[in-house]
Amino acid sequence: MQLLTGFLTSAMRERERSHRRYVLWGIGALLLLSLSPVLGHHLSARLDAALMGRDHVWIVCMIALHALLAPVHALFHVLLVTGLFYAVADRLRATWRLRQTLRMLGSQLAPHSGAIGMAIATAGVPSHVVRVVRGLPNPAFTAGWWSPTIYIAEDIGAVLSDTQLAAVLAHEGAHVRRRDPLRLSLLRFLGCTLFWIPAFRRLAADMADEAEIAADDAAAGERPLELASAILALAAWPVPPLALGGRSPLPPTAIVGVVPRQDGPHHHDALLERRVRRLAGETAVVSSHLTRRSLLGAAAMLSAVWLSGIVVAHPMPMGAATGVSHCAHAHRNALSHLFCRADHERHPGQRCPHERVRQGAVRLDGSESIV
């Protein structure tokens, strides 16, 4: 289906395209910058070779710095493994909750007649991917990784007109064609894996917003106001008393709905306002979930992971790797030995063995290399 976005100004379209590019670049950059220092030097020995013999950088002792930051580097390995387990558990839990709710409510194939059947034909959505559910907490959504399915509430026709219902089904049909449940679930998986970088999950939330915007553009056609009015009507859809503990029985991280729901009583409606305004031809604010705090946190974590990754890639000299003191002067503790070059400048006669020509070096994996 060709996107008809005549209701948008050229400036608005360019602003949205730029925002999507920045979000994609940010996601790619965070993935590369967070994983490369943790896994990179284990996969390639080039960095180790480049750092061979460079035991001092200015007055800083690389051996002491290695001893201090090795636990930090190990911590990031633990965080990565923990994140993988957390991500798998999160996806399994969301899938289980969704299946339990749908099994409890039951569903049936969409009829070929009546308001829903006519709306399906008007929207151009294959009828076999639409299921009708009685008492559905969310009026319309798409779920399913490999075979996306549209679920709509049985009584949705009491709230929407025929044209509004067709617009909603066209919106969900766009999610099916784009396989948005799979794409967004993958982003959620990566966000949980890198839970120690909250900025990644915020960028993933931005991509979820952009998925709704793209589906709106695909469904608006020549009557964007019909979709805008349908979104407003469904935003007030009552959640039945199926929820427990104030949470929606349908996990928002497992579905892609025309009106996204969130757990808890507080719902951020900036996306809703943006969607309605742009469909009405008004200037809409293109906002991001990123905050200054999340960016500062990402910068701090990336600095720690890169510094520890580079330092640990430095091969330990023979003796230092086995716990033997690698310098002859009085400072044995790694922290007090951090600036051993300055000690040499103050006491020229007390040389550091790192400055001597060494016969060999021992890498962390136990292999030897001749220097």
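Figures for the structure shown
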read-out	value
Unique match (being assigned to a helix (DSSP H, G or I) and surrounded by fewer than 22 Cβ atoms within 10 Å (Cβ to Cβ)) among 166, 94, 170, 119	94
Test: residue in the range 189-198 that is assigned by TED's automatic domain parsing to the domain that holds residue 26, buried (at least 22 other Cβ atoms within 10 Å of the Cβ), part of a helix (DSSP H, G or I) and touching a Pro at 6+ places or on another chain (Cβ under 6 Å)	no
So residue 64, is it at pLDDT below 90, surrounded by fewer than 17 Cβ atoms within 10 Å (Cβ to Cβ) and in a helix (DSSP H, G or I)	no
Test: residue in the range 122-144 that is assigned to a helix (DSSP H, G or I), within 17 Å of residue 174 (Cα to Cα) and free of Cβ contacts under 8 Å to residues at least 24 places away in the same chain	yes
Count of residues meeting criterion [crowded, with 17+ Cβ neighbours inside 10 Å and closer than 28 Å to residue 224 by Cβ] in the range 97-116	2
Filtered residues of the range 173-188 (kept if buried (at least 19 other Cβ atoms within 10 Å of the Cβ) and over 17 Å from the mean Cα position of the chain (by Cα))	173, 174, 175, 176
Residue match in the range 275-286 (condition: surrounded by 15 or more Cβ atoms within 10 Å (Cβ to Cβ), of a type in the set (Gly, Ala, Ser), within 25 Å of residue 220 (Cα to Cα) and modelled with pLDDT under 90)	yes
Test set (1) of a type outside the set (Gly, Ala, Ser); (2) closer than 20 Å to residue 230 by Cβ; (3) in a loop (DSSP other than H, G, I, E, B) - residue 152 fails condition number	(3)
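Per-residue answers, yes or no, for (1) of a type in the set (Gly, Ala, Ser); (2) within 32 Å of the chain's Cα centre (by Cα):
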| residue | (1), (2) |
| --- | --- |
| 89 | yes, yes |
| 99 | no, yes |
| 110 | yes, no |
| 125 | no, yes |
| 129 | no, yes |
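Here's the yes/no breakdown for (1) within 30 Å of residue 138 (Cβ to Cβ); (2) touching a Gly at 6+ places or on another chain (Cβ under 7 Å); (3) at pLDDT below 85:
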| position | (1), (2), (3) |
| --- | --- |
| 2 | yes, no, yes |
| 27 | yes, no, no |
| 33 | no, no, no |
| 42 | no, no, yes |
| 46 | no, no, yes |
| 59 | no, no, yes |
| 70 | no, no, no |
| 75 | no, no, no |
| 93 | yes, no, no |
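The values are calculated or read from the model by the stated rules, or taken from the named source; none is laboratory data. Keep in mind that this is a model prediction, so the values were computed, not measured. Here the Cβ is made from the backbone with ideal geometry for all residues, glycine too, and neighbour counts use every protein chain on show.
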